[in-house]
Amino acid sequence: MQSSPGRSQRGQSREDVPMTDQTDDDPYEDEDDDEGEFEMYRVQGTLREWVTRDEVRRFIAKKFKDFLLTYVNPKNDHGNFEYVRIINEMVSANKCSLEIDYKQFIYIHPNIAIWLADAPHSVLEVMEDVAKSVVFDLHPNYKNIHQKIYVRITNLPVYDQIRNIRQIHLNTMIRIGGVVTRRSGVFPQLQQVKYDCNKCGAILGPFFQNSYSEVKVGSCPECQSSGPFTVNIEQTIYRNYQKLTLQESPGIVPAGRLPRYKEVILLNDLIDCARPGEEIEVTGIYTNNFDLSLNTKNGFPVFATVVEANYVTKKQDLFSAYKLTQEDKEEIEKLSKDPRIGERIVKSIAPSIYGHEGIKTAIALAMFGGQEKNVEGKHRLRGDINVLLLGDPGTAKSQFLKYIEKTGQRAVYTTGKGASAVGLTAAVHKDPVTREWTLEGGALVLADKGICLIDEFDKMNDQDRVSIHEAMEQQSISISKAGIVTSLQARCSVIAAANPIGGRYDSSKTFSHNVELTDPIISRFDILCVVKDVVDSVTDEMLAKFVVDSHFRSQPKGGNIDDKSVSESNEDNQSASRPVDPEILPQDLLKKYITYAKLNVFPRLHDADMDKLTHVYAELRRESSHGQGVPIAVRHIESMIRMSEAHARMHLRQHVTQDDVDMAIRVLLDSFISTQKFGVQKALQKSFRKYMTFKKDYNELLLYLLRELVKNALHFEEIVTGSTLGLSHIDVKVEELQSKAQEHDIYDLKPFFTSLHFSRANFSLDEDRGVIRHRLAK
């Protein structure tokens, strides 16, 4: 087989310079056989023939065995042998795939790594034999569980697009990415065949089967007859075989072109590692196989090409992308000890959106999720929290959903008009290849154990909305179509955004008159967030400042510097030097934190918490019976329990405490009161005040009010004395701040006086005189 011209010539020019490998290899080698090693690196003839020679194979095996047993990762301080640890982990997880990092391998043995990329069939064969012997030496009894160990190559540096694969890549190792569109069932493929001779009963074989041609037996060695032969079913060895169709990711297809696709073959333990709809990266060997139909169409010598997968990794799956390291876990545990971690997580959710504390809390609770309960395997209660965002246009509802799609794990985004009932639940259609009826999961099924986001929820047809009822409470989807009667799992949180009737929310009407949703579906949402676009000069000014700031920070540097006045540039320096809030967590860390909490923390309720919940529920029922808001049902007790579990999980606590219950009650009351008429809201806020002010963060607003008071006091001084230059400080009465705060429904100022916001802004409290002192900068 002539090797592909471009790659092998490039490879040979590298192999002619054996010095690179020698320097790296020095510590592992005996000095005597240096000369022999130089000879090994000088490829004679084509590379494919060279690596099939016995002495070269022995040399590769020796080097690879050294690498497995003695490689130490330079990033690791402990100095442990990396691959001995990986082998032990593999054995304890009962797997048979050993993952080799190509970048680490090429650093130690550059020439062999290049041979592996250019002639993968024969080099991998040697590597798998070595891996098998190393694993079975370290763990002798493991051969009773797995007969073979597969070497998987990860981190291949060259990444190709599907549409750029050409003849030069044939029989080399490539890495491609795309979306899985279709996958076949799992078939047994012949690997090692034995035949029976029908005349004398002798067993012939074993014959090794390759994927290109069928093994033919000429004559029986026992009785010299030429057949007939039948396959001996018992002694023939099979392997699992599955085909995927990999299509280009929609984002990288050139404008106006159709996406291309490639067939990928999965063997042995790689089967079922990706589902249709997932975006994956495949490292594998690009080979051709003989296809009759192509030959009859296109004249004789045309081959179909496939990728034989060697390693498959998912692109956006958090659980595979974030295999949490020990350092990550330690950092997360350290974070959870922070008493304000709950508020910090809420602040870190969509940090580029100003305000909306209620929505951010709801989203944080939904992303962490409550604890699912399975009562003796017969009856299950959902643990996922459903959220409905309802509000005026321009209040960042869709932005929140887009943020969750990027951050949450397994988030599926749909819109109301674009999603039909079938697209949300499941469809039955005829497979174009096998002509059989097959099931295809919709958005809710794809988001299983994740989050389903539905925008424009109010624009959906009523028939389509009814199909979500079952998915939101029982968390399964039952189907009986075309002879298929089945039930699919849909264990996901639903976060929906809707606009009120006529576009604007009218506070003088009840909630049910404001939105075209029926009571059954509203009661299935645990948290309702009503966002009103209220005119308020204080908050509007802060919001505008925030938006302008974030635009200013994200604009490219170096634009229009010349035409600014000096005062403006000074202001710029101030705004550039203004620190980002240190309480906000980096987004990567937040993702890891959520993943860790979902995998490791399972909070439990105590008896002590139940009395408070029952008491609040009874009060709420009484209020809701003669109010016109959302009817309170038994589901709301469950949602309070779920929210308190989610809040405990946020703090990585295994038990629900009083704080968690207070938080859950506050969120539920907020959501209940926001759905009432404007007149009823004030009365309810008074009667439930003791639950409502729990852990709300008013510091920013209070600081703004305090600064306004300081401005007024300075202005007054200037009028009275004519100048403020000699002043070192200015005093503001606490009563003035209290009266201002009460206008905004804030009654407790103690948390503000002890907060960082207060001290950082050069304020100090003099309790005896009842004044707040502000030191002025010189």
Breaking point among (1) modelled with pLDDT of 80 or more; (2) open to solvent by 10 Å² or more (accessible area, probe 1.4 Å), for residue 679: (1)
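Conditions tested, residue by residue: (1) on the phi < 0 side of the Ramachandran plot; (2) in contact with a Phe, Trp or Tyr (Cβ under 6 Å, 6 or more places away or on another chain); (3) exposed (fewer than 14 other Cβ atoms within 10 Å of the Cβ).
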position: 199; (1), (2), (3): yes, no, no
position: 203; (1), (2), (3): yes, no, yes
position: 209; (1), (2), (3): yes, no, no
position: 229; (1), (2), (3): yes, yes, no
So which strands (runs of 3 or more DSSP E) stay within segment 472-558 end to end and still have 2 or more residues that are in contact (Cβ under 8 Å) with a residue 60 or more places away in the chain and surrounded by fewer than 13 Cβ atoms within 10 Å (Cβ to Cβ)? none
Taking segment 360-400 and keeping residues modelled with pLDDT under 80, in a loop (DSSP other than H, G, I, E, B) and of a type in the set (Val, Ile, Thr) leaves 395
Matching residues in segment 756-776 - criterion: being of a type in the set (A, V, I, L, M, F, W, C) and surrounded by 13 or more Cβ atoms within 10 Å (Cβ to Cβ): 758, 761, 763, 765, 771, 772, 776
Within segment 114-127, can one find any residue that is of a type in the set (Phe, Trp, Tyr) and modelled with pLDDT under 80? no
Just wondering, is there one or more residues in segment 239-254 that are assigned to a loop (DSSP other than H, G, I, E, B) and closer than 22 Å to residue 208 by Cα? no
Can you name every residue in segment 255-286 that is part of a strand (DSSP E or B) and buried (at least 19 other Cβ atoms within 10 Å of the Cβ)? 262, 264, 265, 266, 280, 282, 283, 284, 285, 286
Can you pull out every residue in segment 401-418 that is of a type outside the set (D, E, K, R) and part of a helix (DSSP H, G or I)? 401, 403, 404, 407
Can you tell me which residue within segment 22-78, out of those that are modelled with pLDDT of 70 or more and small (Gly, Ala, Ser), is farthest from the chain's Cα centre (by Cα)? 45
Go through the residues of segment 80-92 one by one and say whether even a single one is among the acidic types (Asp, Glu) and at pLDDT 80 or above. yes
Might you let me know whether segment 649-660 holds any residue that is under 18 Å from residue 373 (Cβ atoms) and of a type in the set (A, V, I, L, M)? yes
If you scan segment 434-459, which residues turn out to be open to solvent by 10 Å² or more (accessible area, probe 1.4 Å) and part of a loop (DSSP other than H, G, I, E, B)? 434, 435, 436, 448, 449, 456
Within segment 331-352, count every residue that is assigned to a helix (DSSP H, G or I) and within 15 Å of residue 365 (Cβ to Cβ). 8
Which residue pairs have Cβ atoms closer than 9 Å, lie 6 or more positions apart in sequence or on different chains, and pair a first residue in segment 342-355 that is touching a residue at least 12 places away in the same chain (Cβ under 8 Å) and open to solvent by 20 Å² or more (accessible area, probe 1.4 Å) with a second residue that is in a helix (DSSP H, G or I) and of a type in the set (Gly, Ala, Ser)? 352/550; 352/554; 354/550
Could you list all residues from segment 138-165 that are open to solvent by 60 Å² or more (accessible area, probe 1.4 Å) and either over 29 Å from residue 107 (Cβ atoms) or aliphatic (A, V, I, L, M) (or both)? 138, 140, 141, 143, 144, 145, 147, 158
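The values are calculated or read from the model by the stated rules, or taken from the named source; none is laboratory data. Keep in mind the model is a prediction, meaning the values are calculated, not measured. Here the Cβ is made from the backbone with ideal geometry for all residues, glycine too, and neighbour counts use every protein chain on show. Keep in mind that these areas ignore ligands, DNA and RNA; they rest on the heavy atoms of the full protein, side chains included. Shrake-Rupley method; radii C 1.70, N 1.55, O 1.52, S 1.80 Å.
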